[in-house]
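A short worksheet on the structure shown next.
The values are calculated or read from the model by the stated rules, or taken from the named source; none is laboratory data. It should be emphasised that the depicted structure is a prediction, and the values quoted were computed from it without experimental measurement. Note that we place each Cβ from the backbone using ideal geometry, even for glycine, and neighbour counts take in every protein chain shown.
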Amino acid sequence: MPTEKPIRVVHLDPEGFANLDTERTILQREIDSVIFDEVDSSGESIGTDVDGADILLTHYSTVPAEAIDSTGCSVIARYSTGVDGIDVAAATDRGVTVTNVPTYCDEEVGEHVIALAISLVRSLPHADAHTAAGGWQWQSLQRPRSAGDLTFGCFAFGRKAMAAADRAASLGFEVIAHDPYIDERDIREAGAEPVTFEELLERSDVLSLHAPLTDQTEGLFNADVLGRLPQNAILINTARGALVDESALVEALEDGPLSGAGLDVLTIEPPRSDNPLLDRDDTIVTPHIAWYSDRALDRVRTRGTENAIAAFRGETVNGVVNPDAFDNR
């Protein structure tokens with residue numbers, strides 16, 4: 001891409017990777033003159049640490065409006081599907097394109113959801129704790145259940161939820177889903193029964209959350225909502241931690257109706273050591289790894305970098321979150 005001056009690309013969280021050879025190779029292949037810097041930075045500190053950049057690459061870093069203004073960037077590329085933590089509205093107003101990487105880990109997330117769900121349906125954490133304490137009596141265990149007797153519910157029914165639902169159905173679960181943004185025919189064609197939100201709560205023995213974090217979904221799963229789930233229900237969350245009121249979740253585990261929770265995301269990540277969800281044998285907490293496999297990691301870095309370059313050029317790319325930004329350039 002001919003240019004009068006080098007294009008400066010800054011990676012905001014390089015410490016999460018062994019090296020940035022993947023990004024460097026793609027940038028040098030696609031851009032005639034490029035400066036590629038690594039700056040471990042987030043939030044308002046980006047403006048201090050990054051003295052101008054054309055493209056920001058980030059996996060986890062928070063990018064507020066102040067950082068967008070300070071760097072003068074044209075593209076912010078997020079190595080994930082979700083873009084919370086980036087002020088997309090401010091970016092759009094300033095003509096800054098925000099990109100993500102759709103579909104890079106659908107299978108991995110689907111598998112992780114089912115791994116959490118089946119572990120809790122079969123009471124594996126409780127059994128493991130029992131054995132570790134010297135026990136070997138099946139009669140004293142929390143009673144395992146069979147997937148064929150249970151209903152698996154999805155809150156939101158995008159690609160990752162569909163991957164989980166497909167695997168759940170293969171194990172014998174009845175599958176239901178609530179998503180007001182997807183046509184009921186598409187939900188049925190994907191193998192699930194479309195239901196209202198109230199029906200979802202009433203019928204889900206296992207409820208898996210897949211919605212993005214928005215003003216409408218933040219804290220939605222509070223004491224009232226959790227209290228409407230069936231007795232001995234299980235909550236799975238691989239979406240965003242802030243969908244769930246964690247205090248209410250602890251109460252629902254201790255007093256019912258929940259018998260277990262599988263969480264790959266928390267409101268605060270990494271969690272504080274005193275988070276009560278970390279020491280329960282009815283709860284599995286994994287460190288935001290539902291997306292992770294070697295294949296997915298390579299895919300998200302490759303596509304994330306390629307999407308950033310295409311967006312910088314003004315090309316059409318599957319992964320532009322705010323296409324209206326082009327009109328404000």
* Asked: Looking at Val39, is it in contact (Cβ under 8 Å) with a residue 24 or more places away in the chain, aliphatic (A, V, I, L, M), in contact with a helix residue (DSSP H, G or I) (Cβ under 6 Å, 6 or more places away or on another chain) and closer than 19 Å to Thr97 by Cα?
  -> no
* Residue within segment 52-60 that is free of Cβ contacts under 8 Å to residues at least 40 places away in the same chain and assigned by TED's automatic domain parsing to the domain that holds Glu306 present -> no
* To do: For segment 257-308, enumerate the residues that are buried (at least 20 other Cβ atoms within 10 Å of the Cβ), closer than 19 Å to Asp13 by Cβ and β-branched (Val, Ile, Thr).
  => Val265, Val300, Thr305
* **Qualifying positions in segment 290-319 - in contact with a Phe, Trp or Tyr (Cβ under 8 Å, 6 or more places away or on another chain) and either in a helix (DSSP H, G or I) or closer than 25 Å to Asp37 by Cα (or both)** => Ala296, Arg299, Val300, Arg301, Arg303, Gly304, Gly314
* Structure fact -> Flagged in segment 248-265 as touching a residue at least 24 places away in the same chain (Cβ under 8 Å) and in a helix (DSSP H, G or I), in numbering order, are Ala248, Leu249, Val250, Glu251, Ala252, Leu253
* Asked: Applying the selection to segment 266-280, what residues are in contact (Cβ under 8 Å) with a residue 12 or more places away in the chain and not in a loop (DSSP other than H, G, I, E, B)?
  -> Pro276, Leu277
* If you go through segment 69-84 one residue at a time, how many are of a type in the set (Val, Ile, Thr) and farther than 16 Å from Gly95 by Cβ? -> 2
* Structure fact -> Selection from segment 186-245 of residues of a type in the set (S, T, N, Q), within 22 Å of the chain's Cα centre (by Cα) and in a loop (DSSP other than H, G, I, E, B) yields Ser204, Thr214, Gln216, Thr217, Asn222, Thr238
* To do: Would you check which residues across segment 75-118 are at pLDDT 95 or above, out of contact with any helix residue (DSSP H, G or I) (no Cβ under 8 Å at 6 or more places or on another chain) and of a type in the set (Gly, Ala, Ser) and list them?
  => Ala89, Ala115
* Out of Asp245, Asp255, Asp279, Asp264, which single residue is more than 30 Å from Val96 (Cα to Cα), outside the structural domain of Asp21 (by TED's automatic domain parsing) and modelled with pLDDT under 95? -> Asp279
* Would you confirm whether any residue within segment 184-197 is charged (D, E, K, R) and within 13 Å of Ala117 (Cβ to Cβ)? => no
* To do: Among the helices (runs of 4 or more DSSP H) lying completely within segment 74-154, list those that include at least 2 residues that are under 20 Å from Ala177 (Cα atoms) and in contact (Cβ under 8 Å) with a residue 12 or more places away in the chain.
  => 106-121
* Asked: Are any residues in segment 183-229 among the polar types (S, T, N, Q), in contact with a strand residue (DSSP E or B) (Cβ under 9 Å, 6 or more places away or on another chain) and exposed (fewer than 14 other Cβ atoms within 10 Å of the Cβ), and if so, which ones?
  -> Thr196
* Kindly provide the set of residues from segment 59-78 that are closer than 21 Å to Ile289 by Cα and out of contact with any Leu (no Cβ under 7 Å at 6 or more places or on another chain), ordered by number. => His59, Tyr60, Thr62, Arg78
